[in-house]
Amino acid sequence: MQNLVDRIAARIKAKFLSESSGHDWHHIHRVWQLARQIAEREGADLVIAELGALVHDIADWKFHGGDDSVGPREARLLLSEEGAPAAVIEAVVEIVASISYKGAGVATPMRSLEGRCVQDADRLDAIGAIGIARCFAYGGHAGRLMHDPDEPPVLHQTAAAYKASKGASLNHFYEKLFLLKDRMNTPTGRALAEPRHQFMQDFVAQFLAEWNVSA
């Protein structure tokens, strides 16, 4: 099965190597490595966790008009083309279908341990120093302001409201990134999230101090 993982990795790398919104091959590779690390510590199936990590962003709804059915469909197609067993395909497609954050008031549970490991890995890459960089990279890609002090953050209560949001990048810390520490699924994920969360808090405090500098 390791050969299957390697083939999928090669195809995903070719597809995402030049992506520039923070959802590139390097993001996927980090999530892959984190998911494997968490899965090993939590006793999850490594093949399913690794494949789930590799294809988790194969067709993110943010780049497909909000359609969250494209990712699971593309993941199924790729895994089928590479000859993955039917049970593996179903387990991985379920991860892809369930992984995304959908708003502060929306629960996004993962049924499988492997899914919980991959979701934690993806969320870890959304916080800390890398998460900060990715937040602003995506904001620039999407034409969003860095910060608008007249626009308060919104804790979206539905997936539709979250998907429709066009808020400034700094609001994303309050609307999602600061919330992820307490949404980690596994003991390993929670331990890894703590220092990254603190780093983000320190960054935002410094950002606002510099933003509000007096003349």
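The values are calculated or read from the model by the stated rules, or taken from the named source; none is laboratory data. These numbers come from a predicted model, not from an experiment. Here the Cβ positions follow ideal geometry from the backbone for every residue, glycine too, while neighbour counts run over all protein chains shown. Heads up: the accessible areas ignore ligands, DNA and RNA and are worked out on the full protein's heavy atoms, side chains in. Shrake-Rupley method; radii C 1.70, N 1.55, O 1.52, S 1.80 Å.
Provide, for the chain, the number of lysine pairs with alpha carbons under 14 Å apart, each pair being eight or more places apart or on different chains.
Lysine pairs meeting the criterion: 7.
Given R₀ = 35 Å, what would the calculated FRET efficiency be for Gln206 paired with Ala87, taking r from the Cβ atoms and rounding to 0.05? Please report the intermediate quantities before stating the final value.
Values: r = 48 Å, r/R0 = 1.38.
Result of the calculation: an efficiency of 0.10.
On the accessible surface of the range 103-165, probed at 1.4 Å, how many percent belong to carbon and sulfur atoms? Walk me through the numbers before you get to the answer.
Working: 1770 of 2900 Å².
Solvent-exposed carbon and sulfur of the range 103-165 make up 61 percent of the total.
Report, to the nearest 10°, how far helix 2-16 tilts away from the longest principal axis of the Cα atoms in the chain, using its own Cα long axis and a range of 0 to 90°.
Around 40 degrees separate the two axes.
Can you compute 3J(HN,Hα) from phi for each residue in the range 180-186, using the Karplus curve 6.51 cos²θ - 1.76 cosθ + 1.60 with θ = phi - 60°, rounded to whole Hz and x for Gly and Pro?
So the J values, rounded to whole Hz, are 6, 3, 7, 10, 5, 8, 10.
Note down the net charge around Ala191, summing +1 for each Lys or Arg and -1 for each Asp or Glu among other residues with Cβ under 11 Å from its Cβ. Spell out each step's value before the answer.
Working: positive: Arg41, Lys181, Arg190, Arg196; negative: Asp120, Glu194.
Computed value for this residue: +2.
For the chain, take N as its residue count and report Rg(C-alpha) divided by 2.2 N^0.38 Å. Could the numbers behind the result be given before it?
Working: Rg = 17.3 Å, N = 215, 2.2 N^0.38 = 16.9 Å.
In units of the 2.2 N^0.38 Å rule of thumb, it is 1.02.
Starting from the Cα of Ser20, step 7 Å along the direction of its Cβ; do the same at Asp6; then give the gap between the two resulting points in nm.
The answer from the label model is 3.3 nm.
Averaged per residue, what accessible surface does the chain expose to a 1.4 Å probe, in Å²?
Counting only protein heavy atoms, the per-residue value for the chain is 47 Å².
Would you calculate a helix-derived [θ] at 222 nm for the chain, using -39,500 (n - 2.57) for each DSSP H run of n ≥ 4 and dividing by the full residue count, to the nearest 500? Spell out each step's value before the answer.
On the way: 10 runs with 132 residues, N = 215.
Computed mean residue ellipticity for the chain: -19500 deg cm²/dmol.
Any chance you could get the radius of gyration and Dmax over the Cα atoms of the range 155-215, in Å?
14.2, 47
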